[in-house]
Amino acid sequence: TWGGTVLYVYGQGFAEEITFICDFEDDVSATPTVAERVSNSVLKCVQPPSSTLRTISLSIRIDDTLLVAATQAVGYYQPFSIQKPVPVYGIAGSTVTISGDNFPDSALLTVAFQNNTVPSVVGSDCSELSCRKNLILEQYNTQWGHCQRITALTIECEIPESLPIGNYQLWVTANGQDFVGNNVQFSVISSHSVTSVSPEIGLVTGGTALTVSGRFYVSSPSQSSLLLCRFSIPESPQLFIDQTATFVDDSTVKCTLPNMRVFGSSDAMVVGVDVSTNGFDFTGHPANISLSLPRLVSLTPNSGIVQGGDVVVIHGIAFPTVNITDIRCAFGHVITSATEFFTGQVTCISPPFYSLSALTP
């Protein structure tokens, strides 16, 4: 409704020696103005302001003669503003949600990512909430992303796949001509990856401390609160649990395995572990961890000499398949290594005990 939008009129025979008039026929308050001739096939007219949301007709005239028989409808939308992006940094090819006010329902909603290394161009008309730029942003190291209106307060926009890593100022347009900005900043970061998770086994009931290796980026210590580990079921990726992670360095994050039995009563499952550095974008290529719920059924013998050395065979259910070097037996507070491991069976040698208290489980 501000008016001032430059309208391009395409046709033929716009001779240089003829004066063409822009006539907004449904607006009695608008005085016909002289069109700016761009070429033999293009004229420019400036849309007048309007106090209401409505549609008016534009015709091109020579004096009082109608030149274009089929008039064109020109609509108005309410002035809008943009406030902040979520997340504040992301990966090229993903999406960013931008909040604001009065986003119109326009198929032409687009966000422009203007490189902050390029000086701003003088020629902006500013209002209380935002500024408009009537300029061709492609000339200023800018790329575009299509936006979808979610509500009048929110739009979701594509981040171009070819957008280089760097810092950008965001501008939004609903008609490809008028740009709205409010010094809203967004950063494109390098893509991150997950290469492995340690240990590779854990308890299905959760609680296992995990170290995830890969390539990770956190823009500042304050942004580390956005770091997440996602635990998902590979066959059903819509089933997942997000847990806050701890940033160690660019190649390491730590997180704690949650209780995965919320997705079923199975005592054994494979879970994918993925990472997001901004709370939204995950790598999409998780590392897997095998989970189980081992249970002891019996042990033979169930008593031995205090000097130790007894061969103790432990029978159980859902023992994970691991290297024997990874298996330990706990006799009270004394830990020993396993000597044999078969499906459902572990063999250990009892250690010496020199006090009766040590025999207490």
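The values are calculated or read from the model by the stated rules, or taken from the named source; none is laboratory data. Please read all numbers here as calculations on a predicted model, not as lab measurements. Heads up, the Cβs are rebuilt from the backbone with ideal geometry, glycines too, and the neighbour counts pull from every protein chain shown. When the accessible area is computed, the model is the full protein with side chains, heavy atoms only, and any ligands, DNA or RNA have been set aside. Shrake-Rupley method; radii C 1.70, N 1.55, O 1.52, S 1.80 Å.
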For the stretch 151-166, enumerate the residues that are open to solvent by 40 Å² or more (accessible area, probe 1.4 Å) and more than 27 Å from residue 5 (Cβ to Cβ). 161, 162, 164, 165
Within the stretch 327-334, is there a residue that is charged (D, E, K, R), surrounded by 10 or more Cβ atoms within 10 Å (Cβ to Cβ) and under 24 Å from residue 204 (Cα atoms)? yes
Kindly indicate whether residue 200 is of a type in the set (Asp, Glu), within 21 Å of residue 96 (Cβ to Cβ) and open to solvent by 10 Å² or more (accessible area, probe 1.4 Å). no
When every residue in the stretch 20-52 that is of a type in the set (S, T, N, Q) and surrounded by 11 or more Cβ atoms within 10 Å (Cβ to Cβ) is compared, the one modelled with the lowest pLDDT is 50
Has the stretch 94-113 got any residue that is assigned to a loop (DSSP other than H, G, I, E, B), open to solvent by less than 80 Å² (accessible area, probe 1.4 Å) and modelled with pLDDT under 85? no
Scan of the stretch 167-193 for residues that are open to solvent by less than 20 Å² (accessible area, probe 1.4 Å) and assigned to a strand (DSSP E or B), ordered by number: 168, 170, 171, 172, 173, 179, 180, 181, 186, 188, 189
Taking residue 342 as the residue in question, decide whether it is modelled with pLDDT under 85, of a type in the set (A, V, I, L, M, F, W, C) and either on the phi > 0 side of the Ramachandran plot or open to solvent by 80 Å² or more (accessible area, probe 1.4 Å) (or both). yes
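I'd like the full set of residues that are among the aliphatic types (A, V, I, L, M), touching a Lys or Arg at 6+ places or on another chain (Cβ under 7 Å) and within 11 Å of residue 216 (Cα to Cα), limited to the stretch 242-277.
248
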Take residue 313 and tell me if it is open to solvent by less than 40 Å² (accessible area, probe 1.4 Å) and without any contact (Cβ under 8 Å) to a residue 40 or more places away in the chain. yes
Quick check on residue 63: is it open to solvent by less than 80 Å² (accessible area, probe 1.4 Å), of a type outside the set (Ser, Thr, Tyr) and modelled with pLDDT under 85? no
Residue list for the stretch 256-294, restricted to those being surrounded by fewer than 14 Cβ atoms within 10 Å (Cβ to Cβ) and either part of a helix (DSSP H, G or I) or charged (D, E, K, R) (or both): 262
Residue satisfying all of: in the stretch 229-246; in contact with a strand residue (DSSP E or B) (Cβ under 6 Å, 6 or more places away or on another chain) and open to solvent by 30 Å² or more (accessible area, probe 1.4 Å); farthest from residue 86 (Cα to Cα) among these: 234
